[in-house]
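Every read-out reported here was derived from the displayed coordinates using simple, explicitly stated rules and does not represent laboratory data. Small disclaimer: the values here were computed from a predicted structure and weren't measured. Virtual Cβ from ideal backbone geometry, glycine too; neighbours counted across all protein chains shown.
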Amino acid sequence: MSANHTDPMIGRLIDDRYQVRSRIARGGMATVYLATDLRLERRVAIKIMHGHLADDASFKERFIQEARSAARLAHPNVVNVFDQGQDDDSAYLVMEYLPGITLRELLQDHKVLTSEQAMDILEAVLAGLAAAHRAGIVHRDLKPENVLLADDGRIKIGDFGLARAATANTATGAALLGTIAYLSPELVTRGVADTRSDIYALGIMLYEMLTGEQPYKGEQPMQIAYQHANDTVPAPSAARPSVPPELDELVLWATARDPEQRPRDARALLDQLLDVQRVLADPSGAPLGRTMVLPPASATAVLPRGGTGETQVLPKARHRTGPVAPAQVDTVTALSEATSRRRRRGFVWLAVVLVVAVLAGGAGWWFGAGPGSQVAVPDVAGQDPAAATSVLQEAEFVVGEDAADWSVEVPAGQVIGTDPGSASRLQKGSTVSLVVSQGPQPLDLPTVVGQSEDAARASLSSFTVQDSVTQFDDAAAGTVLGVSGVDATGATVDLAGAAQYGEQQPVTLTVSLGPVPDVVGQTVEEAQATLQEVGLVGAEAGTEFSGDVEQGAVIRAEQQQEGALRPGATLDLVVSKGPPPVTVPDVTGKTIDDATAQLRALGLRVSYDRCTAFQCAFYDWEARLPVVSTDPAAQSTAARGSTVKLTYRVE
């Protein structure tokens with residue numbers, strides 16, 4: 001089943017205006033849905049903050065900041081924001097809907113873009129970003145996922161969720177925000193960002209479009225962050241020789257480690273990109289504002305008559321003395337001396353290079369494989385302590401005393417991580433301690449049996465409340481009947497009497513649906529319809545005599561299996577055959593009055609017959625005569641209400 005079928009937001013009407021149709025994407029802070037603006041009759045994208053973040057003031061403020069930041073921008077290359085509000089506990093943001101794909105999806109399909117495609121996309125992104133920078137906004141989370149490529153060819157920047165005012169030193173807070181693959185060195189080392197940090201991210205994106213890969217790779221995020229802070233982004237042509245040198249220089253300028261060496265903002269980089277586009281479109285033309293190869297001097301000098309503009313050997317000047325005779329220049333000697341000087345400088349530089357190479361090689365051995373080498377701490381999270389210890393010892397670390405900590409993700413007894421953490425670079429022989437999980441932290445478990453379902457869920461906010469289980473019960477509908485969880489083996493356990501339970505562990509509520517409807521006295525068809533309305537099935541399961549329920553009506557509905565009665569279960573319907581038959585007693589020899597009283601007490605009717613040789617009749621004085629026979633006969637059965645004929649004889 002697709003996520004759209006189970007997402008409770010699908011079909012919901014937000015703020016009596018926006019009808020949610022389907023889910024587009026889900027992120028760490030919010031989910032984006034396709035919706036219809038019923039007031040303006042247009043499709044929009046509505047971004048709804050996750051419910052569990054509603055109580056976090058910082059997340060809510062960041063979400064609202066996105067609306068404010070984007071609303072300040074009105075540019076063809078920036079996703080428009082139409083509305084922002086609050087519905088129940090969820091903040092939402094209404095944006096223009098752009099059917100299409102993201103740059104990330106384009107790169108996944110095509111891997112490498114041509115120079116022309118990369119420049120076209122970068123030009124559109126820079127145009128929108130220049131508007132943001134001009135408005136004093138730093139995006140801080142530029143990446144291919146936030147570049148939208150519409151089906152009609154429009155290219156727009158979205159997701160200003162991390163945007164801030166572009167001060168000279170915009171801090172990120174206590175933790176790094178943004179995607180690690182595109183973070184600038186100053187964000188990694190000092191946690192500050194300005195317009196030049198956005199430029200760095202665009203330089204990484206351009207490198208990725210031209211080469212099909214990111215410049216820095218690593219198994220852990222900290223490895224990538226370390227490279228951003230300490231390494232220089234290579235030229236794209238090193239990975240793909242077909243990349244023009246002009247784009248190499250553009251990438252290297254945008255990704256300079258020193259922010260002062262980068263373009264000051266998106267406008268500056270856009271201007272340079274336009275120059276590069278003109279140069280690549282017309283290779284014979286010189287780029288504006290760049291170093292140009294000048295034509296030979298002879299092209300502009302006055303040549304002797306018949307000159308061709310080529311290099312010529314001039315005649316030697318005559319040697320003259322006196323103030324009017326310039327000294328003769330020995331051209332051959334001058335050139336020889338210049339050549340000797342260049343040769344001597346070449347030997348000196350060669351010696352310098354050799355010395356530097358030896359020193360570099362020695363330093364490389366010392367720090368790479370020798371006593372001064374540093375190695376990364378292996379990632380042993382999720383392993384048992386014995387295996388993790390073996391891995392660390394193989395990496396030539398000393399394993400210190402284990403530490404313990406609570407963990408929701410890592411089972412008890414397994415390793416959460418190390419101290420120092422994985423990817424930290426330490427000298428061989430350094431001490432590394434294991435941090436072992438104690439499992440989730442035990443928390444006090446509130447008593448919720450007897451509460452309403454909503455109240456119980458609110459009380460259990462420190463745990464992960466699963467979908468409730470419902471059953472029929474005499475308690476009022478919506479009342480919590482029980483609460484269950486899981487133990488260390490994953491088996492279901494009853495938590496009704498438990499005092500504590502692990503943080504964020506799964507909890508399931510059993511909730512009453514109310515009593516089973518009473519179907520006694522209804523026909524089978526009526527009873528089945530009544531039960532179907534509450535999700536139960538009625539099956540005719542036999543008949544019984546009943547003196548209280550008329551024939552053809554349901555006497556009772558019985559549960560087929562023991563245990564809780566849940567929706568979908570089948571109830572057996574027992575149908576009445578009417579009153580049970582009675583056995584005609586032997587009343588022969590009794591008086592007419594006594595026999596009549598006994599038979600009527602059993603629910604039978606009585607008639608009389610007196611027979612003589614001449615006639616059959618009955619007189620009052622004969623009521624005391626004895627009964628000779630009955631019809632039906634004694635010990636036979638008769639339905640209640642039927643008639644028994646008494647016969648007596650008068651001689």
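Estimate the FRET efficiency between D87 and E123 by the formula 1/(1 + (r/R0)^6), using the beta-carbon distance for r and 41 Å for R0, to the nearest 0.05.
0.60
Is any residue of the stretch 189-221 close enough, with backbone N under 19 Å, to a label point placed 7 angstrom from the Cα of N230 along the Cα-Cβ axis, and if so, which?
Only 189-191, 215-221 pass the distance filter.
Restricting things to alpha carbons, tell me how big the stretch 524-576 is in terms of Rg and Dmax, in Å.
Both quantities, over Cα of the stretch 524-576: 11.3, 32 Å.
Dipole of the stretch 374-437, Cα-centred, from +1 at each Lys and Arg C-beta and -1 at each Asp and Glu C-beta, to the nearest 20 debye?
Details: 2 positive and 9 negative charges, 45 e Å.
That gives a dipole near 220 debye.
For the stretch 374-437, give the share of DSSP beta bridges that are antiparallel, in percent and rounded to the nearest 5; count only bridges with both residues there.
If we restrict to bridges inside the stretch 374-437, about 60 percent are antiparallel.
What are the ³J(HN,Hα) couplings of the stretch 496-504, residue after residue, when phi is run through the Karplus curve with 6.51, -1.76, 1.60 and θ = phi - 60°? Round to Hz, x for glycine and proline.
4, x, 6, 8, 9, 7, x, 4, 6
Applying the Karplus parametrisation 6.51 cos²θ - 1.76 cosθ + 1.60 with θ = phi - 60° to the phi angles of the stretch 509-517, what ³J(HN,Hα) value in whole Hz is obtained for each residue in order, glycine and proline being reported as x?
Karplus-based 3J(HN,Hα) across the stretch 509-517 equals 9, 9, 10, 6, 9, x, x, 5, x Hz.
Give me I46, I101 sorted ascending by neighbouring Cβ count inside 10 Å, so fewest comes first.
Least to most surrounded, the residues fall as I101, I46.
Rank by packing, highest mean first: peptides 634-644, 240-250, 76-86, with packing defined as the count of other Cβ atoms within 10 Å averaged across residues.
76-86, 240-250, 634-644
Net charge near Q223: determine it from the other residues with C-beta under 12 Å of the C-beta of Q223, scoring Lys and Arg +1 and Asp and Glu -1.
Around Q223, the charge tally is -1.
Using Cα centres only, tell me the gap between the stretch 567-607 and the stretch 388-434 in whole Å.
If we compute the Cα centre of each part, the gap is 86 Å.
Subtracting the Cα-Cα distance from 0.36 nm times the residue separation, let me have the gained length for K111 to S390 in nm, one decimal.
Extra length available between K111 and S390 comes to 96.5 nm.
Can you tell which of L106, Q84, Q19 lies farthest toward the positive end of the dipole of the stretch 13-150, using +1 and -1 charges on the Cβ of basic and acidic side chains (Lys, Arg; Asp, Glu)?
My answer, from the dipole projection, is L106.
Using a ≥ b ≥ c from the Cα gyration tensor of the stretch 100-281 (square roots of the eigenvalues), is it rounded, prolate or oblate, where a/c under 1.5 gives rounded and otherwise the larger of a/b and b/c decides, a/b for prolate?
Because its axes are fairly even, with a/c under 1.5, the stretch 100-281 counts as rounded.
So if each residue of separation counts as 0.36 nm, and I subtract the Cα-Cα distance between T492 and Q19, what length gain in nm does that give?
Numbers: separation 473, 0.36 × 473 = 170.28 nm, distance 3.90 nm.
Difference between extended and current length: 166.4 nm.
In terms of the Cα gyration tensor, with a ≥ b ≥ c the square roots of its eigenvalues, is the stretch 499-553 rounded because a/c is under 1.5, prolate because a/b exceeds b/c, or oblate? If you can, show how the numbers build up before the last one.
Details: a/c = 4.24, a/b = 3.27, b/c = 1.30.
Cα axes put the stretch 499-553 in the prolate bin.
Which lysines have a Cα less than 20 Å from the Cα of K645, not counting those fewer than 8 places away in the same chain?
Once the sequence-local lysines are set aside, what remains near K645 is K590.
Using modelled backbone amide H atoms (1.01 Å from N, in-plane), which distant-in-sequence or interchain residues come within less than 5 Å of T431's amide H?
Distant-sequence amide H within range of T431: V398.
Suppose R0 equals 41 Å; then what is the FRET efficiency for R72 and D419 from their Cβ-Cβ distance, rounded to the nearest 0.05?
Calculated transfer efficiency: 0.35.
Net charge within 14 Å of Y501 by Cβ-Cβ distance, Lys/Arg positive one each and Asp/Glu negative one each, not counting Y501 itself?
-4
If amide hydrogens are placed 1.01 Å from N in the peptide plane, which non-local residues have theirs closer than 5 Å to the one on V606?
The list, which skips near neighbours in sequence, is V644.
Give me a comma-separated list of calculated 3J(HN,Hα) values for the stretch 238-245, in order, Karplus coefficients 6.51, -1.76, 1.60 applied at θ = phi - 60°, integers in Hz, x for any Gly or Pro.
Running phi through 6.51 cos²θ - 1.76 cosθ + 1.60 with θ = phi - 60° gives 5, 8, 9, x, 6, 5, x, x Hz.
Quick one: if you stick a label point 7 Å off each Cα along the C-beta vector at V537 and S430, how many nm between them?
6.6
Considering amide H positions built from the backbone, and no H for Pro or chain starts, which residues 5 or more places from E540, or on another chain, come under 5 Å of its amide H?
L573
Could you put T588, T418 in order, starting from the residue whose Cβ has the fewest other Cβ atoms within 10 Å?
In increasing order of surrounding Cβ atoms, one gets T588, T418.
With a sphere of radius 11 Å drawn around the Cβ of A124, what net charge do the other residues whose Cβ falls strictly inside it have (Lys, Arg +1; Asp, Glu -1)?
In short, 0.
In the structure shown, do any of K47/K217; K47/K143; K111/K143; K60/K217; K156/K217; K111/K217 have a Cα-Cα gap over 23 Å, and if so which?
K47/K217; K60/K217; K156/K217
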